[in-house]
Protein chains: 2
Amino acid sequence: MKAEIISIGDELLIGQVINTNATYLGTRLGEIGIGVDRVTTVGDAKGAILRAFKRAWAEEDVVIVTGGLGPTHDDISKAVVAQFFGKQMKLHAPTLTAIRKRFSKAGYAKMPESNIGQAMIPTGFQVLRNHVGTAPGLLYSEKGKTFVILPGVPHEMQWIMQDSVLKYLRNRYKGKGLEVIRHRTLLTTGIGESSLAELIGDVKDILEPGATLAYLPKSPIVRLRISVRGKSERAVALTMLGVEIRIRCKIAKFIYGVDDETLQSAIVDTLRETQSTISTAESCTGGLLAAHITSVPGASDVFKGAVVSYDNEVKIRELSVSKNILKKHGAVSEEVARLMAEGVRKKLGTTFGLSITGIAGPTGGTRAKPVGTVWIGLAQSGHKPIAKRFRFIGDRSAVRERSTINALDMLRRRIHDL
Amino acid sequence: MKAEIISIGDELLIGQVINTNATYLGTRLGEIGIGVDRVTTVGDAKGAILRAFKRAWAEEDVVIVTGGLGPTHDDISKAVVAQFFGKQMKLHAPTLTAIRKRFSKAGYAKMPESNIGQAMIPTGFQVLRNHVGTAPGLLYSEKGKTFVILPGVPHEMQWIMQDSVLKYLRNRYKGKGLEVIRHRTLLTTGIGESSLAELIGDVKDILEPGATLAYLPKSPIVRLRISVRGKSERAVALTMLGVEIRIRCKIAKFIYGVDDETLQSAIVDTLRETQSTISTAESCTGGLLAAHITSVPGASDVFKGAVVSYDNEVKIRELSVSKNILKKHGAVSEEVARLMAEGVRKKLGTTFGLSITGIAGPTGGTRAKPVGTVWIGLAQSGHKPIAKRFRFIGDRSAVRERSTINALDMLRRRIHDL
């Protein structure tokens, strides 16, 4: 049982849009035991699309196509599908009604003419309803194979997958060789990829049949993905557990979470368990640290608020950073980072206060404090505030992101006494 | 002149990692006139990689491969490349020295054994230095075709492209059919894709030979990409200008920027020109709006700071929101949104104050105020603060993102009197 994902759109080839649809489809198909064999991305050109359809339909069991179902002239996928399977196009009345309703509900006096085309369906194709957009999905089945075409707009594609496609595929291929495939990812920080591999040693001593281990570095985080294939949930779970335990024995202190956990979700959980609270004071990250923490559902249990003190006046007035210290050491300094952390902690009455002050660039660097210089401060009630200096490489966005992750890791280490 | 990008890695197929490398490569290759014909993603499996190499090497002029050059057991790309081209592997002494140096510089007593493999090079391949990581890139040329393999870690891949590959390709294919390809994207908001297409009308009246137009919707933004191919920079620029003017004549008021501009960069520019300043007060977005604004280089000219008032106590103490109003109307209300916007504006002494209070979910919704209910407040010195209610569909992250974009658009419309 294997699948190919075909993503259509010039915007993907010229680098204007990142192909997140393939990521979503890979995850969802894997969950129901269908491994993705290949992802092919082609432009809005009939010849390239036809070649991709031909190859995928010959080699794979399931083909999922996204993109090119919109109402405008550059959306040609449906016409190419009809040609490829030798089908006529026919108006599908219920779809047209649904599209008209969508427009009237949105307050339009009438539906734009161009949307009529979205209700034209190749004969023999099943229409997959779309409650969050105008373009329905289409499904065709022949000789045990399945061909699906979906809109390229991510939330529409996801809605149709969830509403109909995943159920269809699960029923259609139940008992026909669907393997159980499970992944589990151990998240580490504070150690590089090669050093981690040395600690873990020979993978043959760690793995079992059906299991593989992959290293996914993204500084300052290295993820270790364990993948297991097998006949039953039970067998796969047992193998997974064995592998995970053998790895944990070797690198326990570097692991901060698993799978989709983030540093911030691990921290929010621990703060909640220990009934502690946190606030942040941010300069160069401008709210990004607070935004990371509040991305965790239920963060309000532990996060009280933040002061983004972009302007030095705000550091003085709102965070009680002394004017003299600012003048003497500069805004990007150990002293100011400590005062910011302690200032916000006291102001909002939290257990911890975390601060970031640095030079994100592209300008503002000096010889003594080049772009990428960042001080991270940590205050804790009953302790003296501390601050640590970092020098990050990369553009403004990379410096801001790394500052945020390292601030979170600094807090994690303090909470766990590492 | 066409190229294929081959991305290698199970993590891409199972949906664990988004393929941003293909996006980067598509952009950079396009800039030097090499159009990407196809992107193929395959897993860390010898058979699949070999098949992808074979097809690409037969059909394309340039093949760029990323991934599988790391030091761990799952990195097999280089061995497969050597096999595909029938080459032996040989130790490349300068590369080994460079890797050793990297480790000693990073404070390691010795280089991990596993990194020696990264200095093994297939004979006949050119070594592409990598100053930001341990794996060098490799380049092979034969019969006018070029095959390049690069590490999968994005900033290493980008560094090598910039340092050597782009220069090599430009020199190698100069005068050999490199076309000029240019894209320009008009960014619109406040109107849907179909309605925009109706206003623009028949594309035949808009375009010229060599030009295409594509619609890229991502609510609440629709991007219009104009692409032009031609023989010279001058001809392409002229065509581009003509097409852009004809489009602007029809939809001027919906356009807020071009290309990589963002709502926030457009706003920062306008605020700077009008010598205005801005501050934000955020509840459910928890700093995301401030983080968006401060992502713009030079935002400090116009952005003073933010108060993230996640806790109601912080709304009362720091933003002067009255306890009674909070009790009577709730934190997610028109009154509180207005008070938050005016509160932060006064506190930080800015021209504008922008506030967001809402229910991002997944919990916290009620019948009267379901998840996705968001009030956005806007205060301006000399004006009465206003607030507008939104109801966003989607998960926590989508609600937070849409709240942020709509807040920015509300500010943009006010600044431009729309």
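The values are calculated or read from the model by the stated rules, or taken from the named source; none is laboratory data. If you're wondering where the values come from, they're calculated on a predicted model, not measured in any experiment. Cβ placement follows ideal geometry from the backbone for every residue including glycine, while neighbour counts extend to all protein chains displayed.
One table, with the values for the structure above:
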quantity: Some residue of the stretch B:103-112 being at pLDDT below 95, within 12 Å of chain A (Cβ to nearest Cβ) and part of a helix (DSSP H, G or I); calculated: yes
quantity: Some residue of the stretch A:315-333 being acidic (Asp, Glu), closer than 26 Å to B:GLU313 by Cβ and either buried (at least 19 other Cβ atoms within 10 Å of the Cβ) or under 33 Å from the mean Cα position of the chain (by Cα) (or both); calculated: yes
quantity: Qualifying positions in the stretch B:113-138 - crowded, with 19+ Cβ neighbours inside 10 Å and assigned to a strand (DSSP E or B); calculated: B:ILE121, B:PRO122, B:LEU128, B:GLY137, B:LEU138
quantity: Residues that are more than 8 Å from chain B (Cβ to nearest Cβ) and either in a helix (DSSP H, G or I) or closer than 21 Å to B:GLY47 by Cα (or both), drawn from the stretch A:40-49; calculated: A:LYS46, A:GLY47, A:ILE49
quantity: Any hit, the stretch A:80-99, residues being within 9 Å of another protein chain (Cβ to nearest Cβ), touching a residue at least 24 places away in the same chain (Cβ under 8 Å), touching an Asp or Glu at 6+ places or on another chain (Cβ under 9 Å) and not small (Gly, Ala, Ser); calculated: no
quantity: Matching residues in the stretch A:144-161 - criterion: being charged (D, E, K, R) and either in contact (Cβ under 8 Å) with a residue 40 or more places away in the chain or within 15 Å of A:ALA22 (Cβ to Cβ) (or both); calculated: A:LYS145
quantity: Residues of the stretch A:179-189 satisfying the condition of being farther than 21 Å from B:VAL17 by Cβ and either touching a helix residue (DSSP H, G or I) at 6+ places or on another chain (Cβ under 8 Å) or assigned to a strand (DSSP E or B) (or both); calculated: A:VAL180
quantity: Residues that are under 23 Å from A:GLY343 (Cβ atoms), without any contact (Cβ under 8 Å) to a residue 12 or more places away in the chain and more than 14 Å from every other protein chain (Cβ to nearest Cβ), drawn from the stretch A:363-412; calculated: A:GLY382, A:HIS383, A:LYS384
quantity: Residue identified as surrounded by fewer than 20 Cβ atoms within 10 Å (Cβ to Cβ), in contact with a helix residue (DSSP H, G or I) (Cβ under 6 Å, 6 or more places away or on another chain) and not aliphatic (A, V, I, L, M) among A:LYS304, A:LYS250; calculated: A:LYS250
quantity: Whichever residue in the stretch B:116-156 is of a type in the set (Gly, Ala, Ser) and within 18 Å of B:ASP44 (Cβ to Cβ) and, among such residues, is modelled with the highest pLDDT; calculated: B:GLY152
quantity: Residue in the stretch A:127-137 that is without any contact (Cβ under 8 Å) to a residue 40 or more places away in the chain, in contact with a Gly (Cβ under 7 Å, 6 or more places away or on another chain), within 17 Å of A:ILE64 (Cβ to Cβ) and among the polar types (S, T, N, Q) present; calculated: yes
quantity: Residues that are touching a helix residue (DSSP H, G or I) at 6+ places or on another chain (Cβ under 9 Å), among the small types (Gly, Ala, Ser) and over 28 Å from A:VAL228 (Cβ atoms), drawn from the stretch B:23-59; calculated: B:GLY26, B:GLY30, B:GLY33, B:GLY35
quantity: A:VAL371 out of contact with any strand residue (DSSP E or B) (no Cβ under 7 Å at 6 or more places or on another chain), within 22 Å of A:ASN406 (Cα to Cα) and among the β-branched types (Val, Ile, Thr); calculated: yes
quantity: Residues satisfying the stated conditions in the stretch A:383-401, i.e. surrounded by 19 or more Cβ atoms within 10 Å (Cβ to Cβ) and assigned to a helix (DSSP H, G or I); calculated: A:ARG396, A:VAL399, A:ARG400
quantity: Enumeration of residues in the stretch B:216-238 that are more than 16 Å from B:LEU186 (Cβ to Cβ) and of a type in the set (Lys, Arg); calculated: B:ARG229, B:LYS231, B:ARG234
quantity: Helices (runs of 4 or more DSSP H) (entirely within the stretch B:240-341) containing at least 3 residues that are free of Cβ contacts under 8 Å to residues at least 24 places away in the same chain; calculated: B:288-294, B:312-319, B:323-329
quantity: Subset of the stretch A:200-223 [more than 10 Å from chain B (Cβ to nearest Cβ) and assigned to a helix (DSSP H, G or I)]; calculated: A:ASP205
quantity: Subset tally (residues that are assigned to a strand (DSSP E or B) and either buried (at least 23 other Cβ atoms within 10 Å of the Cβ) or among the acidic types (Asp, Glu) (or both)) for the stretch B:351-382; calculated: 14
quantity: Positions within the stretch A:312-347 being within 11 Å of chain B (Cβ to nearest Cβ) and out of contact with any Ser or Thr (no Cβ under 7 Å at 6 or more places or on another chain), in sequence order; calculated: A:ASN312, A:GLU313, A:VAL314, A:ARG317, A:LYS347
quantity: The stretch B:53-67, residues that are surrounded by 15 or more Cβ atoms within 10 Å (Cβ to Cβ), in a helix (DSSP H, G or I) and within 14 Å of another protein chain (Cβ to nearest Cβ); calculated: B:PHE53, B:ARG55, B:ALA56
quantity: Which numbered condition A:GLY137 misses (of (1) over 19 Å from B:SER219 (Cβ atoms); (2) away from chain B (no Cβ under 14 Å); (3) in contact with a Lys or Arg (Cβ under 9 Å, 6 or more places away or on another chain)); calculated: (1)
quantity: Residue in the stretch B:19-36 that is nearest to the other protein chains (Cβ to nearest Cβ), counting only those that are touching a Pro at 6+ places or on another chain (Cβ under 8 Å) and of a type outside the set (Phe, Trp, Tyr); calculated: B:THR20
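Yes/no per residue for (1) modelled with pLDDT of 95 or more; (2) among the hydrophobic types (A, V, I, L, M, F, W, C); (3) under 30 Å from B:THR351 (Cβ atoms):
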residue	(1), (2), (3)
B:VAL180	no, yes, no
B:THR212	no, no, no
B:VAL228	no, yes, no
B:VAL243	yes, yes, no
B:ARG248	yes, no, yes
B:ASP259	no, no, yes
B:VAL268	yes, yes, yes
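Let's see how each residue does on (1) among the charged types (D, E, K, R); (2) surrounded by fewer than 18 Cβ atoms within 10 Å (Cβ to Cβ); (3) part of a loop (DSSP other than H, G, I, E, B); (4) away from every other protein chain (no Cβ under 13 Å):
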site: B:LEU12; (1), (2), (3), (4): no, no, no, no
site: B:VAL17; (1), (2), (3), (4): no, no, yes, no
site: B:ARG38; (1), (2), (3), (4): yes, no, no, no
site: B:ARG51; (1), (2), (3), (4): yes, yes, no, no
site: B:LEU69; (1), (2), (3), (4): no, no, yes, no
